[in-house]
Every structure is written in C-alpha cells, then in structure tokens.
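The values are calculated or read from the model by the stated rules, or taken from the named source; none is laboratory data. Not measured: the values here are computed from a predicted model. Glycine gets a Cβ as well: all are built from the backbone with ideal geometry, and neighbour counts include every protein chain shown.
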Amino acid sequence: MANRHEAADGGRRLDRRNLLATIGAAGTAGFAGCGGQGATEPSGSAGSDSDDDGLFPLSVRLETGGKDERIRMVELIAESLQQTGYFETEVETYEWNAYLDRVINPTYRENGYLPAIGLSGTFNPHSFCNVIHNSANVGACCNLTGISDPELDELLDSARYGIEVAEDADLRAETYDEIWRTLAEERYTSFTHFSVATAVTDAAVHGFATWPFQEGLFGYALYAPQDEQVAWIDRERRAGDADLADLVTGGTLTGAISTNPGSFDPPHSSDTTSTMVQNLLFEGLVVNDAEGNVHPWLAERYELRDVRDVDRTAYEEYMRVVGTTAEGAVDADEQVIARHPEDDPAADDEVRVLLPEDAREAAADGTYGMWFRYELHEGVEFHDGSELTAEDVVASYEYYENSATAPQTFDSVLAAVAVDDHVVDVYAQVPDAEAERELPGIYVLSADQIADVEKGGIDPREGVTPIGTGPYEFGEFVDEEYLEVSRFDDYWVESRGVAEAFAWFDGPDAFPDGPAIDAVEVEVVPDDATRAGALRNGEVDLTYDVASGTLEDFDDADDFVVHAVEAGGYDYLQYPVNVEPWDDPRLREAVNHLVPRQRIVDNVLNGWAEPAWTPIPRIARGAGTADYDALEATVKPLNEYDVERAEELLEEMAAEYGESP
Amino acid sequence: MSLRRFVLRRALAVIPVLFGVSVVTFGLFHLTPGDPVSQVVALNPDVSAAEEARLRERWGVSGPVWRRYLEWLSNVLVGDFGREIRTGRAVSGLVWRRLPETIALGLFGWVFAVAIAIPTGIYAAVNKGKLGDVASRVLALSGVSLPNFWLGLLLILVFSLYLGLFPVLPPSRLPLYHPETLRYLLLPGVTIGTAAAASLMRVMRTSMVEELNAEYVTAARARGLPERTVVFKHVLRNSLVSVVTLAATLTAGIVAGSVVVESVFNWPGLGSELVRAINRREVNVVMAITVVTAVAVVLANFLADVLYAVLDPRIRYD
C-alpha cells in the first residue's frame, strides 16, 4: 500500500460547505453543481456568467487514495471528462487510511463526489456485486455512494440464498447474468479493470505458477495436485527447459514479501500475507483448483445429504433473548450464530439470537438449511505426530467463534458435529449456493493445541509453534525480518501417494507425492525497489508486488520469469446516485462511456491488468454466468469508450436543462 | 555558577523539552484522520459500529485527546508503552529489539563521519587555498547537498546491482556482533554518515584555519618547533573543541536520517519501524519511538553542552 499522498485536511473542511451547496441547489431549481465547488470556483468574475444558468459545465470531484496507479487512473478519467468540455473536473487524493475513513461513512453519499477504490474478489460471484451494490452495505464496505435499489437487493439475495439457487446451478448462473445486465444498464458503478497478480522468479525456479488470489502464492506454487502444479529448483537448467520428468527434489526457495506475516493463528488474521504463509502449514477439508472447482482434501469424500427450505426465522424456538448495548450491539459473550431477522439490535433493547449450543441442538433436531457430511482420511498426521480426527475439525470450527474471521464463517455455518472419529457433519443456516466452498472454508487446527491457548494465541513469538497438517512445518520467525519453514517428513499425502490420497487426481505418474522443495525462507522487505534489487542481485529467488514498470524489465531479462494470472482484484468508480444530476441515468451512461478502460490498462498499468468490460472477471465465471462470452458480447458495448455517444447524451441533457455549453 | 549547578540546570531543562515533544506528537497523531481500528475494520463489512466502538474503547482511541494523553503519560512514567494494536504485543519489547540495530547503524555512520572529516579538515586547513583544499570543500558541499535517500539508492545501484560487491538485503540471520555484519553496515552507514562528515569537515577546517592564524601559533613557529608539532599538538587540540561539540549535536541528524536510510536499506531498526507504525496508525509504537528518539537527541545535546563547558574553560555557565 502506497502512502505517499497527502491527507488533505482542507478537503475535509470543504465537505460541509459543499454539502450545504448541494442541498441548497437541489432545493431550488433542479440544477446542481454537484457539490458546488464553492471554495475553489472563481466567483463574481467580470466575465460571462452564463455557465451558472445551465447544467454544464458540470463540476465533478473525483476522489481516491492508496496506490499511485489508482491515482493516475483517476487523473486519466478526469482528463477524459474534461476534454469533452462538459465537465470541470477536480481530483482529490488521500492517504489510504484517511481515504477509507472518509468514504466508508454513511454521510459520504450526500457529498456528490465520485469515489474510486479497489477491492479484491473471490471465486464467489457475490464478491463482485453484493458488497458494492447491496443497500445493506451503505456506510460500510463498500457501497460508498448509497446505492439503494430494492429490486437489485432482492436479485442479489436470490442469487445466493434460497433453495432454488442452492439446488440449481443453472438458475443461479442465470440470476447472476441478470444482475450483470442490470448493473451494466443502471451504471451505478463503473468497473475499470481487473487486476493481474504477478510474481517474478529467478530462472532456476521451475514449474512455478501463481494462484489467482495472492494469499495462495507460496502454497499453491509449491504443491497443488488439483492443478498438477509443483515447483522445484534446478540451478543447472533454466525454467522452461525442463519438465516434470526432470524434476529435482531438495533445495531452499528464498522469497521476499512486502509485509510482515503478522499472525499464524488462522481465524485471528485476515491479512493477505499471513494467509499466504499459513497456507504452507495448514490445510482444509477441501481445496479449490485454479478455476474454483472444489475437491475433497483432508476429507476423503463429502456429500450434500439434505437441503431444507428454511430461512432464519426457523430457528426462533432455539433462540434466546439477550440485551443490547448502548451502541446498538448484541450483548453476548458467545458467538452469535444468527439473529432473528425481525429484531434490530440498534433499535431494540432485546433481540433474539441463536447461540452455538442451541444451534447444535437445532441441527440435531433437523432444523437446518443444508447438511453436508465430510469423511476424513485416516492416518493424517499433524506436525506434532498426533492423528487427525473429527474432534480436531469440530474444535477448529469452535475456535473460529468470536474470531476476526467469525463474521464470514458464521455467515453460513450453523454447526459442526462429530459423528464418529472420522466423520463430521457440517450444517448451513439457510440454503446457500456458495455452501460447498464457504462451509468448509476453515483451516483444520489441532484440538490439543487450541485447547491450550487463548484465542489468537497461536503465535511463535509467544512460544506457541503453529501445528497443522500441511506439507511444511514451522521453522523460525523473526518479526518484520524473516520466516523459515521446512518440509514435514511425515506429510500424509507423501506417505500415501498422491494418486492413492485423491480419487479425483488424474495427473501424470511423474507428479510427485509431495512438494519438491525442502525449505522456504521468506524475507520481509517492504520497499518495492529493494525487493526487486534483491531478486536481481540473486539474494532471493522469488518476489511479488513489483511495480508494473519494473515488471517489464524482468520480463525482458533472460534470467527471470514473470508469472501473471488474472486475479480477483477490481477497481471501480461509483456515482453519487442520491445527488442531482447523477440520479439521471443518461449522465452516468455518458460518464461511463468516457472511462477509458483500455487506456488505463495500457498506459497506467503497462498492460498488467484486464479492462473490465463486464462487472465480473473471467476467473469467477464458474458460478457467476451461464456463458461468459455471451455476457461479454452483450455488456461490452455498454462499457466501451465512446465519446460520440457520451456527447449525444450530454447534449440531450443540456437541451433539457435549458442551456448548452 | 559552578559546573555542577550548570549540569543540573541543563538536566532539568530536558524535562519540559521531552514533555513538549510528547504533547506535540501525541496531539498531531490523534488529530489526524484514520486510526488503527478503522484500518483493521474498514474493509470488513461484517463489523458493526458497536463492535468498532468497543474496539476503540479497548485500544484507547476513544474519548477526548487530552484524557487519552494523560492516560498514556501515566503509563509511560512507569515504563509501560502500551501494546501494538494489530498484534497485542508489548511495544517496549519491540523498541528494545530494534534499538541496537539503529545504534549500530548510527555508530557506524558517526565513526565514518569523524574518520573522514577530521583528517580531511586538517589537510584542507593546512593547505588552505590550494587545490586539495578546494577539492575537499567541493566534496563537502556535495556531501551536504546530496539527499540521503538518493545517495542510498545510488550506492545500492552501483555497488550492489552493478558491481555485485554488497548485498541488497540486511543480514536478517546474523547476530549484530558478527564480523560479517560490517559488510552489511557499510553502504547504509556511509549513506547516513556522509552529510555529517561533510558538515563536520567544514567546521574542522574553519576552526583549524582560525587557530592557525592565532598568535600562539606564530610564537610556537618562532620558537622553531617543527610544523608537525605545531599542527598536531597545539592547533589540533584547540580546534577540536567546536568539532567535538558539533559531533555530539550531529546525533540528531543521524537519528533523523535513520528514518529514511533504514527504509531504503530495509534495515530493521527504529527508523523503518517508525515509518511502518505511522502507516499502520500504531499510536503506541509511534509514541514510543518518538520518545526514545527525543531522549537520545536531548541527551546528545546535553552532552554537547557539558563537553563544551568542560573542554573550554573560557565558557561561562550562564
């Protein structure tokens, strides 16, 4: 995260004035200077004042923060608007945290500014539409301009929840297609581009590949039979000159990462870097391949045993009444699994909630949305030599209660129950089309270990060595400096053989039974240039997060390989639909046609991104659309750079508002 | 006034300075938009406003600034710098771990500065007006003018990337006292010491030139003492007074420089930690490092004052 940008306090002070200007204007004649710009516009000059009577030129204030590249992107969009002569643009940039504070705020939508921000999505198509358009996320992340469209809300919910979509993948894909078409037509938001994740390796690293999402960087590249992916080091040859048959085992991979892996306690960390290193140590019940398909992993097999058409009111009889705090939160020490949909902790003094014990009871009585059964592999060993049992899985779910990631986990999970030593039942609260991926989305920890530590206490700096079942075991960690992990000798996949372990594996015989690389050493190097320099100087074999300009150099060099994969990140510009004249869809359509997506990718990102012709990237197409190409064909024309169409619309509006520029 | 009273008075003056530094830093930091809690929860749509308020309360980032300051101050007075918000670990442990790294780097830079400045200064003064003098003055001027981040990057580019003589990354696995560490210290140490060396050299030269023109030098020469004895035994000693005091004051520059230089070289000291802490809005870490730095600078200045008084009996303590 770049933090080179001034937190302009002046910008803050401007808010109130602009807000008043906006309200005043909206109250009078239906023209609005979109935030007035009262503080910066020269007023009362002797020249022609005719501009004041019409809509155009319209003052537009674009705001952004964070990465340099995002700021340059916003400046490019502003320039594109300015050139039409219909807009007076102004770009305000903020330091990233100050910016988040500013835009994730319920009053921000009243300002009439156009915020630009970047988020990262997942294989779940919901991550590309719900957070930024559902009215439930106004004032939170990241419906910044207060988009509140009841029909859209309903459509968004119906794409993920309910028995129909949970049982019918085609219906679900069609529902999402409808969402994408609605979004493309309403243009509440302009998606600009989808990120491309890159990693650069020394040519001695063979068979390397990047995972679509950054958190999988190391674990995925080192050993991922679901995609027949394994990396090895061979300093005698150059990457590309050798294939699986020439695989060399052993060696140490050294990498440089940009931020400290702050936590080794999976539920108590949500930052990318921590997840990235946790990936080496821990495993889950299932695993995703690079296309988002789910394969059983620690579970030998799993099945969906039952789906019931319930919503959260079904748990009414299991709920307890608890008080609320003065700030409007539920006052409970235990994890709140679900809340009664009719109760509102902000308004009521008491609310009905479902607590873990009662949730298990409900599941046992047959009140649940979905019932999955996971049968664990036998003989899987943890790093401390103990064997994985159903108890570990159940204890892990309980360990996720009241953790940093609990809101995501218990958004869908109702309860996890051990049936016998190697069988676990996991229940979902309501029929959820994402359940297959989301329900088992936890790392399995050792029950012995978590019984001994406080929540968040799996921390090698405090003397608690993380214990998982993963291919690497924890070695050494010095905060903000380096991390070492080494191959786990009793790794279960290796003892069993990959073809034996995974019934779904259909890779070549030469594919190894475990990772080829013996140890991984990771240096924490925050500075981009230093990281690139260390790679160039041969001090590390791998790095990522390299500036797009430097990537070109590495790409041209023979001794390095740049690995790129379309990732889940996206940037978007949101329109202040609650402020005139942005409530006019023609204006949004015009501006959307002036967003130079291709130029942003080519010039600002040096080609290391994909223009967002649709609101969903290709990698999320699995569950997110019936036919990606058809979707793109329909939606792309609506998002292409088209000055003529934009000017036509603006002209039409100008005529209507009584004045042309 | 006696020397003891002078020292005592100087020592007492340290207190309001430290107090002022802490008030200003604390105030600025807390009045800037964006706190660590909002950073932690900002992108998580599932955290309610109430939970956020609870977190704020817990981490002491709610309530009026003055009250938070008093709470902070009362803890610091008993040696408790609080905890890091992200990790919950004690800040003092962090500071103690980073401090030796910064001291090692600063010391190296300081020794480098003195080792370069004094001989060059003497040489320039003795050869005043000649080519060597002009050359060393030009060098000093460039040394003062080069921004240290630029110098650092240039040194990395030339000595690490082009010539491959030095590593880019710091020795994360070597203990600080290992002889190999010197190789890693060289580039950042030179970067941090260059500006100090340049200003020190100029002062050395000026005071030396001044002393060389003094009457006692003429007297010594008239008595037939060899030039070597005149320069090194008489002149050097007298002209060192201002240099010694300046060298102590330069600590402030070195400490300030460490913030930039440590970031450029990824050196795991207090300076790079400070940058990181500011970006993450880690209030307690920023405050702890600021206080430690302020103490170091104030102590150095205090030492300079005392040294000055001790070395030069002509100075009156008032």
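Among the residues of this structure, A:Ala136 does not count as one that is part of a loop (DSSP other than H, G, I, E, B) and either within 13 Å of chain B (Cβ to nearest Cβ) or closer than 20 Å to B:Glu52 by Cβ (or both).
Within segment B:55-78, the set of residues being at pLDDT below 70 and part of a loop (DSSP other than H, G, I, E, B) comprises B:Trp59, B:Gly60, B:Val61, B:Ser62.
Take segment A:211-258 and flag every residue that is in a loop (DSSP other than H, G, I, E, B) and closer than 20 Å to A:Asp558 by Cβ. A:Ala231, A:Asp234, A:Arg235, A:Glu236, A:Arg237, A:Arg238, A:Ala239, A:Gly240, A:Asp241, A:Ala242, A:Asp243, listed by residue number.
If you check A:Asp349, A:Asp392, A:Asp343 for being assigned by TED's automatic domain parsing to the domain that holds A:Val424, surrounded by 15 or more Cβ atoms within 10 Å (Cβ to Cβ), over 30 Å from A:Tyr491 (Cβ atoms) and of a type outside the set (Lys, Arg), only one passes: A:Asp343. When A:Asp602 is tested against the conditions (1) of a type in the set (D, E, K, R); (2) closer than 28 Å to A:Asp545 by Cβ; (3) in a loop (DSSP other than H, G, I, E, B), the lone failure is (3). Selection of segment B:103-141 for residues being touching an Asp or Glu at 6+ places or on another chain (Cβ under 9 Å) and among the small types (Gly, Ala, Ser) yields B:Ala124, B:Ala125.
The condition (being more than 21 Å from the chain's Cα centre (by Cα), β-branched (Val, Ile, Thr), more than 12 Å from chain B (Cβ to nearest Cβ) and more than 30 Å from A:Glu350 (Cα to Cα)) is satisfied by just one residue among A:Val310, A:Val248, A:Val294, A:Val277: A:Val248. Per the listing A:Ala534, A:Ala499, the residue uniquely within 14 Å of another protein chain (Cβ to nearest Cβ), among the hydrophobic types (A, V, I, L, M, F, W, C) and in a helix (DSSP H, G or I) is A:Ala534.
A count restricted to segment A:160-210 and to residues that are assigned to a helix (DSSP H, G or I), of a type outside the set (A, V, I, L, M) and either out of contact with any strand residue (DSSP E or B) (no Cβ under 8 Å at 6 or more places or on another chain) or buried (at least 23 other Cβ atoms within 10 Å of the Cβ) (or both) stands at 14. If the condition is being within 25 Å of the chain's Cα centre (by Cα) and β-branched (Val, Ile, Thr), then segment B:123-172 contributes B:Val138, B:Val144, B:Ile156, B:Val168. Does A:Ser446 fit the bill of being on the phi < 0 side of the Ramachandran plot, within 14 Å of chain B (Cβ to nearest Cβ), in contact with an Asp or Glu (Cβ under 9 Å, 6 or more places away or on another chain) and surrounded by 20 or more Cβ atoms within 10 Å (Cβ to Cβ)? In short, no.
Here are some residues: A:Val561, A:Val493, A:Val485. Which one is closer than 27 Å to A:Ser386 by Cβ, assigned to a strand (DSSP E or B) and either away from chain B (no Cβ under 13 Å) or not small (Gly, Ala, Ser) (or both)?
Details: A:Val561 fails: closer than 27 Å to A:Ser386 by Cβ; A:Val493 fails: assigned to a strand (DSSP E or B).
Result: A:Val485 is the single residue among A:Val561, A:Val493, A:Val485 that is closer than 27 Å to A:Ser386 by Cβ, assigned to a strand (DSSP E or B) and either away from chain B (no Cβ under 13 Å) or not small (Gly, Ala, Ser) (or both).
Within segment A:517-550, the set of residues being touching a Gly at 6+ places or on another chain (Cβ under 7 Å) and free of Cβ contacts under 8 Å to residues at least 60 places away in the same chain comprises A:Asn537 only. The criterion of at least 3 residues that are among the aromatic types (Phe, Trp, Tyr) is met, among strands (runs of 3 or more DSSP E) falling completely within segment A:320-382, by A:370-376.
Can you pull out the residues in segment B:239-253 that are under 12 Å from B:Ser199 (Cα atoms) and within 8 Å of the chain's Cα centre (by Cα)? Selection gives B:Leu250, B:Gly253.
I need a count of the residues in segment A:606-627 that are of a type in the set (Phe, Trp, Tyr) and under 21 Å from A:His133 (Cα atoms). Residues that pass the stated criteria total 1. Considered as a group, the residues in segment B:84-110 that are of a type in the set (Lys, Arg) and surrounded by fewer than 18 Cβ atoms within 10 Å (Cβ to Cβ) include one that is farthest from the chain's Cα centre (by Cα), and that residue is B:Arg89. Figure legend. Inter-residue proximity from segment A:322-339: first residues more than 23 Å from A:Ala415 (Cβ to Cβ) and away from chain B (no Cβ under 12 Å), second residues in a loop (DSSP other than H, G, I, E, B) and not charged (D, E, K, R), beta-carbon distance below 9 Å, spacing 6+ or different chains. Indicated pairs: A:Gly323/A:Ala332. In a residue-by-residue description of segment A:627-640, the property of being surrounded by fewer than 17 Cβ atoms within 10 Å (Cβ to Cβ) and aliphatic (A, V, I, L, M) applies to at least one position.
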